[in-house]
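Here's the structure we're looking at; comments come further down.
The values are calculated or read from the model by the stated rules, or taken from the named source; none is laboratory data. Since the structure is predicted, the reported quantities are computational estimates derived from the model, not experimental observations. Don't worry about glycine lacking a Cβ; one is built from the backbone with ideal geometry, like all the others, and counts go over all protein chains shown.
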Amino acid sequence: MTGRARHLELPFTGPATFFKAEQRSLTSLAAGDFHVGVLGVPYDFAVGFRPGARFGPAAVRSATGRYAVGPAGYYDFESDAHRLVGAALVDAGDVDVAQLETGESLARVEAAAAALRAAVELPVFVGGDHSMSYPLLRAYGDVPRLHVVQLDAHLDYSAQRNATRYANSSPFRRAVEALPGLVKITTIGLRGVRADSEAFAAARARGHELVSARAVRADLAAVIERLPRGESVYLSVDVDALDAAELPGTGSPEPEGLTYGQVRDLVAATARRNRLVGVDLMELAPDLDPTGRSALLAARLLAETLVAWWEARGGGSQA
Ligand SMILES: [Mn+2]
């Protein structure tokens, strides 16, 4: 909670940190120093298609310079109130991944997630490809009834793909195998003309809630009613849940996706109805979008996620 008032700087003034927050090493963080900690996971060695998500954390750091937040929070003209007032954020740096040593990389990510969880109320992880949600979730093995809300065009629940068990098409299959406490996954935004039928059958058999992008378009309010309520929720946002025209900077874009407003409303409702224990934002591959709008949109979504969480937590807003 120390450091200079960087929220008054211009967005592009460096050094780039998440929301221009102070950057601290994980080992220097003591419990209670900050409410929110943001950790980069710059790993994309598990993509099944186009790489580039390793550059996600750097792009989000740069883009969140526009959403730097000071002690007075953000002024919201629609409610004539300040939001995120008093929330203390820290940039916990990046996990130093071990490239092709998959097991070592998974171990380092899990250890970093556990350390961040011990230090802050809300750990936020910025990927990286979606395979990283598996080691991140492993850091929540002690939560007795963990729910995952996953926004994604794809199910990511394959037993394996091309003889590979730890790719970005399997993180949630590995997670339910490893975490007895992971009781349910709600996946929203599903679409595409080809899918892994075994994975869908396995997810349905386990009672997961599977919601298509088409269902969101048809009736967002009805989908919000299908979200968990009163649970400990880990929110995993694959940016390809968004429509490819709105967010093209991702490895496996799909058309007919969700709008930004739909995703924002789903995230806000998830935060409002549950206790968020962690958030990840994955699969932003900034170099696949030379306009830069994908990173800016991801940054704004993170900002609005923090606002929703803070208000649900009781931080409220100040007129
Ligand atoms: Mn995914």
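Here R264 meets the list (1) closer than 24 Å to P135 by Cα; (2) more than 12 Å from the ligand (Cβ to nearest atom); (3) not small (G, A, S) almost entirely, failing just condition (1). The single condition among (1) more than 16 Å from the ligand (Cβ to nearest atom); (2) small (G, A, S); (3) in a loop (DSSP other than H, G, I, E, B) that A118 does not satisfy is (3).
Residues checked against (1) away from the ligand (no atom under 14 Å from the Cβ); (2) modelled with pLDDT of 95 or more; (3) among the small types (G, A, S):
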{"residue": "S197", "(1), (2), (3)": "yes, yes, yes"}
{"residue": "A202", "(1), (2), (3)": "yes, yes, yes"}
{"residue": "G207", "(1), (2), (3)": "yes, yes, yes"}
{"residue": "R214", "(1), (2), (3)": "yes, yes, no"}
{"residue": "P228", "(1), (2), (3)": "yes, yes, no"}
{"residue": "E231", "(1), (2), (3)": "yes, yes, no"}
{"residue": "L235", "(1), (2), (3)": "no, yes, no"}
{"residue": "T250", "(1), (2), (3)": "no, yes, no"}
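If you check A245, A222 for being among the aliphatic types (A, V, I, L, M) and in a helix (DSSP H, G or I), only one passes: A222. Residues in the range 254-265 that are of a type outside the set (A, V, I, L, M), touching a residue at least 60 places away in the same chain (Cβ under 8 Å) and buried (at least 19 other Cβ atoms within 10 Å of the Cβ): E254, G257. Applying the set (1) surrounded by fewer than 23 Cβ atoms within 10 Å (Cβ to Cβ); (2) more than 14 Å from the ligand (Cβ to nearest atom) to L276 leaves exactly one unmet item: (1). Among the residues making up the range 155-213, those that are of a type in the set (D, E) and surrounded by fewer than 21 Cβ atoms within 10 Å (Cβ to Cβ) are E177, D196, E198, E209. Taking the criterion of being part of a loop (DSSP other than H, G, I, E, B) and of a type outside the set (A, V, I, L, M, F, W, C), the residues of the range 19-47 that qualify are R24, S25, G32, D33, P42, Y43, D44.
Among the residues of the range 142-194 satisfying the criterion of being among the aromatic types (F, W, Y) and assigned to a loop (DSSP other than H, G, I, E, B), which is farthest from the ligand (Cβ to nearest atom)?
By that ranking, first place goes to Y166.
Taken as a whole, the condition of being surrounded by fewer than 21 Cβ atoms within 10 Å (Cβ to Cβ) and polar (S, T, N, Q) does not apply to S236.
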